[in-house]
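Accompanying notes for the structure given below.
The values are calculated or read from the model by the stated rules, or taken from the named source; none is laboratory data. Note that the structure is a prediction, hence the values are computed from the model and not measured. Cβ coordinates were reconstructed from backbone atoms using ideal geometry, including for glycine residues, and neighbour counts include every protein chain displayed. To get the accessible areas, we keep the full protein, side chains included, count just its heavy atoms, and leave off ligands, DNA and RNA. Shrake-Rupley method; radii C 1.70, N 1.55, O 1.52, S 1.80 Å.
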Amino acid sequence: MRGVVATVAAGLFAVSSSAATAPMASANPEPKAPEEFVALRSVDPTILQEMRYTTGHDFVGEPVDGYRQPVCVLTRPAARALHRAQVRLLRRGYSLKVYDCYRPQRAVDHFVRWAEDLQDERMKAEFYPRVDKSRLFEDGYIAEKSGHSRGSTVDVTLVRLPAAPTRAYVPGEPLVDCAAPEEERFPDNSVDMGTGFDCFDTLSHTDDPRVQGVQRQNRDLLRSALAAEGFVNLPEEWWHYTYRPETFPDTYFDFPVAWRSVAGLGGHTPDGPSTKSGASGPSGASGLSGLSGASGLSGASGASGGEARGEGAQAGGSGMVHRQRG
């Protein structure tokens, strides 16, 4: 009898030990981008990048869900079209600077949750001083889908070269109206476009008649340079451009904004000029801050509902959210 007990005990010990050392079932891996996506820097390292949603200097007041690293990810046709526009602009002493590129659905969902929280108005004084937060959905500033999630939309501005350095936003610092005169707004090395980026105000409408003089010239220069390469502006936002035809016109992706999302897809292998890029700056900014021109380079307050910053949906393992048509 003692032998039987010993045998059973030994068997139970072996089973429990095996269970203790067996590896845990792995969680679902993070979705990666389809092969049609690429890091913009691998196509054109001269385009400046100031990826705002990785920082606290945005209308939410904190880094946005899904933005793991300050890297611009786009469909390859959109990235190549930006490169062509950059080539033209460098010859004139300007550079493009992107604030946002591909945007995961989880980020749009974050915007929606924020907009539904009417008590959180920490960034109102800068980004939406004249808009009641309860009207953000009705007025089209926030939506449940964003064209950015399809991968061919970019938020972009112009910088006069050589690019002046920028400073990091300090959480808690006094906020200034995004539609205030340029010298009063938060410092940005962008040319004066009449408002800051992501300004929830009708003054941000590309053709607002109040925008005249140099500000009008700057908006028109940006639009003409991008339109020549196939980009279409969203009339309610001077910074918002979509490359047409879109590679994924009806698919909304949810893979994170990170280098590993495009690893092996051209994310680390140059797909354009091999010009060395500059160092990253304090607010998610990167690019060639000292670039002085094109010599030596061979390449390079509302929003319409469907294209606004934000239809929460479940993303599959492929990182896709398919649009539901009514």
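Laid out as a table, the results:
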{"item": "Pair list, Cβ under 7 Å, 6 or more apart: the stretch 88-103 residue among the polar types (S, T, N, Q), other residue not in a loop (DSSP other than H, G, I, E, B)", "result": "Ser95/Leu48; Ser95/Gln86; Ser95/Leu89; Ser95/Val159"}
{"item": "Arg223 more than 16 Å from Glu50 (Cβ to Cβ), under 21 Å from the mean Cα position of the chain (by Cα) and not small (Gly, Ala, Ser)", "result": "yes"}
{"item": "Long-range neighbours under 8 Å by Cβ, at least six apart or interchain, first residue under 21 Å from Cys101 (Cα atoms) within the stretch 197-210, second of a type in the set (Gly, Ala, Ser) and not in a loop (DSSP other than H, G, I, E, B)", "result": "Phe197/Ser190"}
{"item": "Helices (runs of 4 or more DSSP H) enclosed by the stretch 53-151 - at least 3 residues per element that are open to solvent by less than 10 Å² (accessible area, probe 1.4 Å)", "result": "76-90, 105-116"}
{"item": "Options Val191, Val232; residue that is of a type in the set (Val, Ile, Thr), open to solvent by 30 Å² or more (accessible area, probe 1.4 Å) and touching a Phe, Trp or Tyr at 6+ places or on another chain (Cβ under 9 Å)", "result": "Val232"}
{"item": "Top-ranked residue in the stretch 152-178 [being farther than 21 Å from Thr251 by Cα and of a type in the set (Gly, Ala, Ser); ranked as surrounded by the most Cβ atoms within 10 Å (Cβ to Cβ)]", "result": "Ala163"}
